[in-house]
Each structure stands twice: as structure tokens, then as C-alpha cells.
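Below is one structure; the comments refer to it alone.
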Amino acid sequence: MAVKNYVLVCGGSACESAKGNDIYKSLLHQAEVQGVSNDLQIVKTGCFGFCEKGPIVKVLPDEAFYVEVKPDDAEEIISENIVKGRMVDRLLYKEEGKKDFKPENIKFYQKQERIVLRNCGLIDPESIDEYIARDGYMGLEKALFELTPEQILDELNKSGLRGRGGAGFPTGLKWSFTQRIESDQKYVVCNADEGDPGAYMDRATLEGDPHSVIEAMTIAGKCVGADKGAIYIRAEYPLAIKRLEIAMDQARERGLLGDNILGTDFSFDLEIRLGAGAFVCGEETALLASIEGKRGMPIPKPPFPAAKGLFGKPTVINNVETYANIPVIISKGGDWFAQFGTEKSKGTKVFALTGKIKNSGLIEVPMGITLREIVFDIGGGIPGGKKFKAVQTGGPSGGVLTEDFLDTPIDFDSLISVGSMMGSGGMIVMDEDDCMVDVAKFYLDFCVEESCGKCAPCRIGTKKLYEILDKISKGKGDIEDLQKMKDMGQAMKKASLCGLGQTAPNPVLSVLNAFEDEVLEHIHNGKCRAGKCKDLVQYSIDESKCIGCTVCARKCPVNCITGDRKVAHVIDQSRCVKCGACYDSCKFGAVLVS
């Protein structure tokens with residue numbers, strides 16, 4: 001039965017945690033109470049991407065774009081927008097005083113190109129019919145009935161698609177290695193072990209469009225001659241796992257997964273393998289070992305998994321984002337995909353844009369876009385009038401890029417040429433309040449914890465680098481430490497067994513390259529200009545600015561601030577734990593950091 005309106009409710013993990021499910025239920029309830037349940041369809045979708053403004057509700061065909069919606073808003077959305085045909089003004093997204101409620105008018109979306117996220121926020125990820133209605137499984141149909149395995153490879157090669165897991169290896173070439181090998185058994189594996197701090201691209205893709213990955217893996221099976229596959233995903237992604245299970249069951253019911261797919265002699269099926277959350281299992285050989293029931297540790301390459309992978313058999317392994325591109329490449333052709341991006345980096349890239357940025361969220365941009373466009377046009381710049389300082393790309397595997405690199409095109413080769421890397425797609429923006437020694441320490445601490453310990457360069461190198469940075473952050477470093485870190489970092493890059501150890505020193509080396517003066521300040525002057533290194537910071541109160549409002553004293557967790565009302569307060573330095581609560585709470589700029 002045709003309906004007059006569609007109400008799309010963000011059902012990604014972030015909005016679910018912000019009562020997105022309650023909003024969905026409230027809308028259903030209000031539609032029933034107000035007698036319009038037959039006039040509209042309320043759909044819980046995947047992530048809209050604009051996480052900063054979630055939970056988001058979109059009403060079609062009006063294109064009303066409601067942000068920061070609460071369950072109690074459901075009554076007004078139904079009564080005004082659905083019953084009376086009037087948009088709820090107070091909930092509409094506004095930008096620079098204008099009500100730019102259509103997504104194409106919102107700056108956050110204007111420079112984006114959504115290929116991987118083409119269905120996220122538009123369809124119910126738990127409905128195979130909605131996926132099919134958006135041309136889903138057309139790529140598989142074409143691969144089964146119109147293309148030979150060689151022609152599938154031709155389309156991939158024409159597309160120029162490179163692996164989105166970080167290494168950027170050409171996907172068509174990777175598949176061709178497995179295809180050429182004769183074997184009684186081959187496998188197709190999806191790496192959904194997403195562990196970079198601040199990154200959630202793969203989780204959001206699986207939550208919002210699980211069928212795209214299932215379709216792509218089935219196409220891969222047809223191409224290389226595999227009949228079994230596995231999706232390795234972190235157990236702490238329960239929503240993505242649930243939607244994958246639903247999608248796989250639906251695909252089997254429709255004859256799109258399992259024996260004799262669509263009546264052909266091709267059979268292919270998938271299973272889900274849960275990971276325990278070890279970062280090193282993002283390394284393909286460690287991931288395969290984990291699936292085999294072994295401890296997730298990498299092994300030297302070659303042989304590469306394409307020739308000797310899961311259980312010693314030829315295996316195609318790609319990550320979620322890489323697979324999500326495949327169906328549309330096959331259905332529309334490699335030349336269509338190759339029109340996006342740069343000469344050597346085709347297509348788009350999904351980033352999780354987070355940190356000190358006005359519009360945080362999930363973005364998909366064409367390769368070649370500049371950092372400046374991402375940070376200031378899409379991200380809206382730095383909040384609070386603060387100054388941009390740097391952006392970390394590639395998570396712990398990448399490096400920091402300063403203002404000097406804001407006009408760097410975002411593609412595989414350009415990022416490597418300036419000392420960073422694409423990585424899986426984490427992008428964390430920093431402002432003037434961030435200390436780069438502290439930032440490097442954060443990433444090293446992460447790598448120390450996540451190193452599997454198998455090879456000495458990684459196991460010992462990450463620990464030693466962290467210890468030196470910790471010493472510098474306490475004002476106890478010396479000038480020789482800089483060269484030690486550089487030498488150690490280069491040795492780790494050359495001698496570590498896998499990508500974790502090879503890239504772990506990148507944040508340190510890039511900080512030394514771009515912010516050596518800031519590191520030297522810690523060493524020579526015992527100063528942390530950002531006030532993040534507690535041992536180098538002292539808080540005091542400017543008597544001329546303090547009005548005695550007592551807010552700082554009430555916020556202080558150790559009660560070391562004293563003073564009567566309307567009288568300048570004083571900090572007892574011997575008891576101060578340097579948490580910064582007084583600095584953050586003072587509205588008069590009376591708390592000083594030195």
C-alpha cells in the first residue's frame with residue numbers, strides 16, 4: 001500500500017545510545033494515536049553521518065531534516081509535519097541563521113560523494129527488499145550471468161580500486177593472485193576488525209548496509225573460485241553483528257547465498273567469526289590465525305594470504321569499506337568508478353572525522369579533496385574560536401599534519417609523501433590546547449598495550465619510545481632523547497614483523513618532524529605550552545580578575561582552593577592535583593596556567 005510520508009530515523013550505534021530506539025518507538029506510537037499509521041512508513045536506517053547533530057530524523061518527501069531529536073519530540077513531528085503538513089521549525093537544522101533542511105544545502109554534505117555509504121541513512125538495513133529496491137544484488141546478478149571471472153577482474157582493474165584497509169594494494173591484482181592458483185578449497189574473508197582510536201567507518205557501514213558486503217564477498221567467491229567465506233568482526237559491535245546475521249538469513253532465503261545461487265551451479269556461503277578486540281588482529285595473517293582458533297599473532301610474509309591463507313588455502317581478504325565498493329563497481333562498471341578521485345587513487349574514502357571539530361561525524365569524500373576542505377568546509381572548522389594545530393590521519397599508524405599541509409590532496413601517495421598515511425580512515429583534529437608530546441604518548445600507550453609481543457622491535461621499541469616520551473612530559477628529558485627516538489623509530493619501521501610495529505613510531509616521528517620546538521620546550525624550559533603535561537603545569541588565580549564566585553572551589557575535587565565569597569581565591573599548590581577543573585570552570589579568565 002502506498003504511503004504519503006516516510007520518516008527515517010537514524011539507527012546507528014551513536015544515535016541508538018542517544019535514545020534513537022526510543023524516538024523510533026515514540027514515532028510509531030504517536031502515528032497510531034493520531035490515526036495516521038496507514039499514511040506513513042517509519043524506517044530505522046543506518047547512520048546519516050552527521051553524528052554531531054544526532055539523533056537525526058528525516059521526513060520525506062518534505063526533506064525535513066530534524067536534528068538532536070528527543071523521544072518527546074515525536075508527538076509534534078507527527079501532529080505538525082505529518083498531520084498538518086507543517087515542518088517543526090525548532091527541530092530543523094539551521095546553518096548561519098538559515099534553515100537549510102535539505103541535505104544538499106547543508107555544508108557538511110555538500111563536498112561529499114557517497115558510494116560506500118550510498119544506502120546508509122536511506123534504507124532499513126534489516127530489509128533485503130529495501131536493499132534490492134536500491135539496485136542491490138544487481139552486481140551479483142551481472143557477475144553470475146554476464147561476466148566471466150576474468151571480466152570481473154577487468155572491471156576491478158579499470159576501476160582502480162585500492163584496498164581501503166590502509167596498505168592501498170590494488171584490489172583487482174590481489175584477487176587475480178588467488179584466482180590463478182589451483183586449489184581444492186579457496187576462501188573469501190572480510191576484515192571487520194576495526195580498532196583504530198576514533199574510527200568507526202566499518203562498523204557504521206555494516207550497521208547501515210550489511211547486504212553490500214555480503215553481495216561483494218559473493219562476487220569475490222565467483223571471481224576467484226571460492227565457495228566459503230568468513231566475516232571477522234569484533235564482538236563489541238553487537239548491532240553490526242545482529243544486522244549481518246539478519247542480512248545473511250535473508251540472502252539465503254532469497255537464494256542469494258548458499259547452494260546454487262540464483263539457480264546457477266555456483267555455491268557460496270558465509271559465517272561470522274567474532275574477534276576479542278585485539279588491535280593486531282587487523283593484520284591479515286593475525287586475523288586468519290584467530291579464525292583458525294590460534295592466538296592472533298602475525299607471521300612473516302611471503303607467502304601472502306592470496307596464495308596461502310586461511311587453513312593454508314588461497315584466500316582473498318579485504319576490509320569492509322573495500323568490499324562495499326565492489327557491487328556498484330560491477331553493476332555500473334569500472335570506468336564509472338574511475339571518474340572519481342585522482343589518477344592513482346580512484347574513488348572515495350570514508351573518514352571518521354573527530355576531535356576538535358565543529359561537525360564531527362562520518363564523511364565520504366572523493367580522493368583528491370584537500371585537508372582544508374575537510375576540516376573547514378565539511379567539518380566547519382575549530383570550535384570555540386581556537387586555532388587549528390594539526391590533524392592525525394591513519395590512527396596510530398599515521399602521523400600528524402600541520403597547517404602547512406592543509407592543502408595536501410587526500411590520497412594514498414600524497415599522504416605518504418608528507419609523512420602520514422591513509423590508514424583505515426581515522427581523522428582526529430587538534431587545536432592549540434593539545435600538547436603534541438601528550439598526543440604522541442597517547443598513541444604509543446595504545447601500541448604498547450596492543451602489541452602482541454611476538455617480535456622484539458615492536459615489543460621493546462614501543463615500550464622504550466613511550467618511556468622516553470613520558471620522561472620528557474615530566475620535564476626530565478634531555479636533548480639526546482630526540483635522536484634516540486628517531487633512531488629507534490627507523491629501526492622499528494625496518495625490523496618489525498607486521499604493520500603494527502612498522503607504523504607504531506609514525507606519530508612520534510611526525511611530531512618530532514613538525515613540532516620539535518614544542519618537544520624542546522619540555523626538555524629545556526620544563527614548559528608545556530598547552531598545559532597538558534601535569535608535572536610541568538601550575539595553576540594560580542589572578543586576584544585582579546577573580547570575583548570570588550566560588551565556582552572553582554566547588555569544582556575542585558581535592559578542596560585545595562579557599563576564599564570567601566566576593567574575595568579573590570587562592571590555590572594551595574602543595575595539595576593541587578593539576579586536574580584543570582578550576583581552569584575549565586572559571587568564566588572570568590582568572591585561573592592562570594603556567
>> Any residue in the stretch 535-550 that is free of Cβ contacts under 8 Å to residues at least 60 places away in the same chain and over 26 Å from Cys435 (Cα atoms) sitting within a Cβ distance under 7 Å of a residue that is among the β-branched types (Val, Ile, Thr) and open to solvent by less than 90 Å² (accessible area, probe 1.4 Å)? List the pairs, counting only those 6 or more apart or interchain.
In response: Gly548/Val567
>> Would you confirm whether or not the stretch 282-295 contains a residue that is outside the structural domain of Gly501 (by the TED database), open to solvent by less than 50 Å² (accessible area, probe 1.4 Å), at positive phi and touching a residue at least 12 places away in the same chain (Cβ under 8 Å)?
In response: no
> Any residue at all in the stretch 309-328 that is without any contact (Cβ under 8 Å) to a residue 40 or more places away in the chain and either closer than 30 Å to Phe446 by Cα or open to solvent by 50 Å² or more (accessible area, probe 1.4 Å) (or both)?
Replying inline: no
> Within the bounds of the stretch 255-269, is there any residue that is at negative phi, under 27 Å from the mean Cα position of the chain (by Cα) and either not β-branched (Val, Ile, Thr) or not in a helix (DSSP H, G or I) (or both)?
Replying inline: no
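Is it the case that some residue within the stretch 242-249 is of a type outside the set (Asp, Glu), at negative phi, surrounded by fewer than 16 Cβ atoms within 10 Å (Cβ to Cβ) and not assigned by the TED database to the domain that holds Gly398? Don't jump to the end; show me each part of the working.
Going through the stretch 242-249, the residues of a type outside the set (Asp, Glu) turn out to be 242-244, 246-248.
Next cut, at negative phi only: 242-244, 246-248.
From the residues that got through so far, the ones that are surrounded by fewer than 16 Cβ atoms within 10 Å (Cβ to Cβ) too are 242.
Those still in the list that are not assigned by the TED database to the domain that holds Gly398 too: 242.
Checked against the condition, which is being of a type outside the set (Asp, Glu), at negative phi, surrounded by fewer than 16 Cβ atoms within 10 Å (Cβ to Cβ) and not assigned by the TED database to the domain that holds Gly398, the stretch 242-249 yields at least one hit.
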> Within the stretch 182-230, can you find the residues that are modelled with pLDDT under 95 and either of a type in the set (Gly, Ala, Ser) or surrounded by fewer than 20 Cβ atoms within 10 Å (Cβ to Cβ) (or both)?
Replying inline: Gly195, Pro197, Gly198, Ala199
> Would the stretch 159-181 turn up any residue that is open to solvent by less than 30 Å² (accessible area, probe 1.4 Å), closer than 30 Å to Val57 by Cα and modelled with pLDDT of 95 or more?
Replying inline: no
> How about the stretch 86-99: which of its residues are surrounded by fewer than 19 Cβ atoms within 10 Å (Cβ to Cβ) and either without any contact (Cβ under 8 Å) to a residue 12 or more places away in the chain or touching a Lys or Arg at 6+ places or on another chain (Cβ under 8 Å) (or both)?
Replying inline: Arg86, Asp89, Arg90, Leu92, Lys94, Glu95, Glu96, Gly97, Lys98, Lys99
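Quick grid of which residues meet (1) in a helix (DSSP H, G or I); (2) among the aromatic types (Phe, Trp, Tyr):
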{"position": "Tyr109", "(1), (2)": "yes, yes"}
{"position": "Asn119", "(1), (2)": "no, no"}
{"position": "Asp124", "(1), (2)": "no, no"}
{"position": "Asp129", "(1), (2)": "yes, no"}
{"position": "Lys142", "(1), (2)": "yes, no"}
{"position": "Leu147", "(1), (2)": "no, no"}
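Tell me which residues, restricted to the stretch 527-568, are hydroxyl-bearing (Ser, Thr, Tyr), within 12 Å of Tyr583 (Cα to Cα) and touching a helix residue (DSSP H, G or I) at 6+ places or on another chain (Cβ under 9 Å).
Tyr539, the sole residue that qualifies.
Considering every residue within the stretch 477-492, establish whether at least one is of a type in the set (A, V, I, L, M) and farther than 27 Å from Met422 by Cα. Give the derivation first.
In the first step, residues of the stretch 477-492 are kept if they are of a type in the set (A, V, I, L, M); the result is 479, 482, 485, 488, 491-492.
From the residues that got through so far, the ones that are farther than 27 Å from Met422 by Cα too are 479.
Scanning the stretch 477-492, I find at least one residue that is of a type in the set (A, V, I, L, M) and farther than 27 Å from Met422 by Cα, so the answer is yes.
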>> I need the full set of residues from the stretch 406-441 which are open to solvent by 10 Å² or more (accessible area, probe 1.4 Å), at pLDDT 90 or above and among the β-branched types (Val, Ile, Thr), in order please.
In response: Thr408, Ile428, Val439
> Taking the stretch 158-215, which residues are under 20 Å from the mean Cα position of the chain (by Cα) and among the charged types (D, E, K, R)?
Replying inline: Arg162, Arg164, Asp193, Glu194, Asp196, Asp202, Arg203, Glu207, Asp209
> Out of the stretch 526-571, which residues are open to solvent by 20 Å² or more (accessible area, probe 1.4 Å), among the small types (Gly, Ala, Ser) and in contact with a strand residue (DSSP E or B) (Cβ under 8 Å, 6 or more places away or on another chain)?
Replying inline: Ser540, Ala553, Gly563, Ala568
>> Taking the criterion of being more than 25 Å from Thr285 (Cβ to Cβ) and open to solvent by 50 Å² or more (accessible area, probe 1.4 Å), would at least one residue in the stretch 455-463 satisfy it?
In response: no
> Any residue at all in the stretch 468-482 that is hydroxyl-bearing (Ser, Thr, Tyr), touching an Asp or Glu at 6+ places or on another chain (Cβ under 9 Å) and without any contact (Cβ under 8 Å) to a residue 40 or more places away in the chain?
Replying inline: no
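The values are calculated or read from the model by the stated rules, or taken from the named source; none is laboratory data. Here the structure is a predicted model, which means the values were calculated and not measured. Here the Cβ is made from the backbone with ideal geometry for all residues, glycine too, and neighbour counts use every protein chain on show. Ligands, DNA and RNA are excluded from the accessible area calculation, which covers all protein heavy atoms including side chains. Shrake-Rupley method; radii C 1.70, N 1.55, O 1.52, S 1.80 Å.
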